[in-house]
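The values are calculated or read from the model by the stated rules, or taken from the named source; none is laboratory data. This structure is a prediction, so every number in the text was calculated from the model and none was measured. Here the Cβ positions follow ideal geometry from the backbone for every residue, glycine too, while neighbour counts run over all protein chains shown. To get the accessible areas, we keep the full protein, side chains included, count just its heavy atoms, and leave off ligands, DNA and RNA. Shrake-Rupley method; radii C 1.70, N 1.55, O 1.52, S 1.80 Å.
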Amino acid sequence: MMTEQKEYREISVDEIAGDDETFLISYPRLDEGLCRSLSRVGLLNPLLVRKRRDDRLQIISGFRRLTACLENGMEKVPALIYPKGMDSLNAFGLAVHDNLSRGYNLVEKSNIFHKLINLIHASHDEAIRDYMPLLGLNPGPSLLHDYLSLQNLTEDMRYYVHETDMPLSCASRIASFNDREQDTLLEFLRPLRPGLNRLREMLANAEETAAREGNDIADIFSRKEFKVISDSDASRPRKLEMARAALKKMRFPEVSATESNINELTKALKLPPDITLRLPPYLEGDTIRAELSFKSTDALRRLAEKLMEVSDLEELKKICGLL
Amino acid sequence: MEKYQISEIYVEPSAMERELTRRVLSSLPELPVYETDEARTSPYEITTEDIASSKKRLYIRDYKGEPLKPCPGTQGRLCCNYFIVNLAVGCPLDCSYCILQHYINSPYLTLYANIDYFLEKIDARLEAAPTGRSAAFRIGTGELTDSLALDPITGLSQVLVPFFAEKENATLELKTKTAEVTNLLGLEHRGKTVVAWSLNPQPIIDSDEAYSASLRERLEAALLCQEAGYRLAFHFDPIVNYRNWEQDYLEVVEELFARVKPENISWISMGGLRFSPDLKPIMRERFPESHLPLGELIPCEDGKLRYFKPIRVAIYRSLLSWIRGRAPGVPVYLCMESADVWRHVFGRAPSCDPKFTIDDL
Ligand code: SF4
């Protein structure tokens, strides 16, 4: 039972056990926007702290606020001080609720579940039942597992995940890689900055190629193909497409070989730009569509003549034979 | 073959006194039995642990829906006019590519005990059907389970085979990856039951078909059924593309025809490995050593992943030529393939009607 009451007062930053990160959820800890706002209007919300047995103050909520205060050279900060007797589960609940309205990012949600289970010793069922809905998540063990897995991200990768707003599915996939794999991957990703779909595809292709060859992801991304791409003068989007194609070729060698064969054959047809041949995706189908663009009946006639001409070519027969 | 992993039995009270329940309980006397109205179901999504549990917990209950269903087939693919009866949902075997891992919505292997209900409904459906070739029902019990894996404890074949022996317009297909045929051998089947095996080279059985019988055991069991006068069928399904596929599948074909006489085979099907993209992460998690999800599988029109078409066509053609070389008269068909793949393999598609029967081949 709590006998002492909470108290509101200005505290000296020296009273705070700054290295006690028991309830630290926020990520990243330095918030430039908060620093700026604090320098203009001061700290609007007090820190929530709890007295420790050694009478130093443990932050429950307000790590970012404290960092911003220190950045602004403040020595005193307003705080709501909870008594020693407050139990950790309640303190943690307070920490989560205090910042709920601003919304948590992926890493912070992961921190919440990690601390809840490993520090507060809540069960997985409690985390699923009480905390997942609170954070706006569909309760379920596999989602919880994915969030917890983010604790395996290296510090640099964690920051990349945060700064690129990476979705959980990709981040948890990356979290399954070891540190060396994550470092190599990060070197690959940083200059390319792929969007979500490209990232997903490239990760799957790299991971599956590595699994098939008995290598790890680091071996895949250290290949010379990628070095050549990164050293080239191509633009970022072009490099991204080249890297993507290289990965696809590693993962799907027959598909890639067939596609380049089709490209060669199509080139040999010497079609004008206003005729486009469209093959069914992955050759799943038996019909080629020819798309014609023309502005006059004469132009259409010329295209029709060209089509008649190519219909006798061996290359077109070979393309048809692939369907 | 290692036997079942079943370690607990749950029984719905209404199913407790049924013949099938008694038989199962007396076959597995060492296992704990829980009588329960509603076996525990997960309030959340089914996890990979639940899939593993579904191999260990048997739930015996009554079934109340429509028992005879047309095989769902798949969009844009030719379908073989097949009907299914699901007497069980879930399977004691554990194949890496099993679609049940994705379909399953309960952590149990469910076995339906009210067999009389099934038989009455099937009877009524068959009697109401017009007679004639196109009305012949080919009925299988192996869509959501292996048809014979549990037969030693359920004895279901002893009910089903004599039942279908009496039917003029229906054939029962018992499809299995086991060698559990002892119950079948003395039964009066009148040629109305086809016993079918899925076949794969032994390296694939070893890596991806856990708790199933070896290739040799399957073929020995087929031999026993042949001697007991049964019609036989074989499914090269799922066909896996790997480095030694050519040599290994040829050996399977050779071993098959070294034992089984072509005239006793009703049909042979070929189907390449295919699965929905949602199954892939489950396969990767549950069977991290399996190379199956790492093949050159591309998305097809029906949403499933399949080997790139030229790969499939090359394998089907080789397999077909090996089969035709040894058994020219046996009907061979493709399972869940498009008309253009049929044309590449057979030179023609069987019928414009996406529903064809085995007689169309
Ligand atoms: S035998 Fe069939 S039902 Fe059983 S696990 Fe294998 S694929 Fe699934």
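Restricting the search to the stretch B:267-305, which residues are under 24 Å from residue B:197 (Cα atoms) and part of a strand (DSSP E or B)?
B:267, B:268, B:269, B:270, B:271, B:272, B:274, B:275, B:305
Which residue out of A:65, A:50, A:56 is open to solvent by less than 40 Å² (accessible area, probe 1.4 Å), under 19 Å from residue A:13 (Cβ atoms) and more than 32 Å from the chain's Cα centre (by Cα)? Break it down stepwise before answering.
Numbers: A:65 fails: more than 32 Å from the chain's Cα centre (by Cα); A:56 fails: open to solvent by less than 40 Å² (accessible area, probe 1.4 Å).
Criteria check complete, one pass: A:50.
Could we say that residue B:103 is within 16 Å of the ligand (Cβ to nearest atom) and either touching a strand residue (DSSP E or B) at 6+ places or on another chain (Cβ under 7 Å) or more than 14 Å from chain A (Cβ to nearest Cβ) (or both) here? Working first, answer last.
Numbers: within 16 Å of the ligand (Cβ to nearest atom): yes; either touching a strand residue (DSSP E or B) at 6+ places or on another chain (Cβ under 7 Å) or more than 14 Å from chain A (Cβ to nearest Cβ) (or both): yes.
Judged against the criteria, residue B:103 is a match.
Answer yes if at least one residue in the stretch B:324-333 is modelled with pLDDT of 95 or more, within 13 Å of chain A (Cβ to nearest Cβ) and either in a helix (DSSP H, G or I) or out of contact with any Asp or Glu (no Cβ under 7 Å at 6 or more places or on another chain) (or both), and no otherwise.
The answer is no; no qualifying residue exists.
Only one of these is within 20 Å of residue B:262 (Cα to Cα), open to solvent by less than 30 Å² (accessible area, probe 1.4 Å), more than 14 Å from every other protein chain (Cβ to nearest Cβ) and within 13 Å of the ligand (Cβ to nearest atom): B:215, B:199, B:232. Name it.
The match here is B:199.
Output the residues belonging to the stretch B:261-281 that are surrounded by fewer than 20 Cβ atoms within 10 Å (Cβ to Cβ), within 14 Å of chain A (Cβ to nearest Cβ) and in contact (Cβ under 8 Å) with a residue 40 or more places away in the chain.
Matches in the stretch B:261-281: B:278 only.
When the stretch A:253-312 is examined, which residues are found to be open to solvent by less than 40 Å² (accessible area, probe 1.4 Å), within 14 Å of chain B (Cβ to nearest Cβ) and either part of a loop (DSSP other than H, G, I, E, B) or closer than 22 Å to residue B:338 by Cβ (or both)?
A:255, A:258, A:262, A:280, A:283, A:284, A:285
Quick check: anything in the stretch A:181-190 hydrophobic (A, V, I, L, M, F, W, C), in contact (Cβ under 8 Å) with a residue 12 or more places away in the chain and over 25 Å from residue A:240 (Cβ atoms)?
So in the stretch A:181-190, the residues hydrophobic (A, V, I, L, M, F, W, C) come out as A:185-186, A:188-189.
Okay, now just the ones that are also in contact (Cβ under 8 Å) with a residue 12 or more places away in the chain, so A:185-186, A:188-189.
Then drop every residue that is not over 25 Å from residue A:240 (Cβ atoms), which leaves none.
No, the stretch A:181-190 contains no residue that is hydrophobic (A, V, I, L, M, F, W, C), in contact (Cβ under 8 Å) with a residue 12 or more places away in the chain and over 25 Å from residue A:240 (Cβ atoms).
What do you reckon, is residue B:306 at negative phi and within 9 Å of chain A (Cβ to nearest Cβ)? If you could, list the steps in order and put the result at the bottom.
Working: at negative phi: yes; within 9 Å of chain A (Cβ to nearest Cβ): yes.
Judged against the criteria, residue B:306 is a match.
Please find, among B:149, B:170, B:113, the residue that is within 10 Å of the ligand (Cβ to nearest atom), in contact with a Leu (Cβ under 8 Å, 6 or more places away or on another chain) and more than 14 Å from chain A (Cβ to nearest Cβ). Outline the logic, then answer.
Values: B:170 fails: within 10 Å of the ligand (Cβ to nearest atom); B:113 fails: within 10 Å of the ligand (Cβ to nearest atom).
When all the criteria are applied, what remains is B:149.
What's the number of the condition residue B:253 fails, among (1) part of a helix (DSSP H, G or I); (2) away from chain A (no Cβ under 14 Å); (3) more than 19 Å from the chain's Cα centre (by Cα); (4) surrounded by fewer than 21 Cβ atoms within 10 Å (Cβ to Cβ)?
It is condition (4) that residue B:253 fails.
Which condition number in (1) open to solvent by less than 60 Å² (accessible area, probe 1.4 Å); (2) within 14 Å of another protein chain (Cβ to nearest Cβ) is the one that residue A:249 fails?
(1)
On the basis of being away from the ligand (no atom under 15 Å from the Cβ) and either modelled with pLDDT under 95 or in a loop (DSSP other than H, G, I, E, B) (or both), does residue B:75 make the cut?
Yes: the conditions hold for residue B:75.
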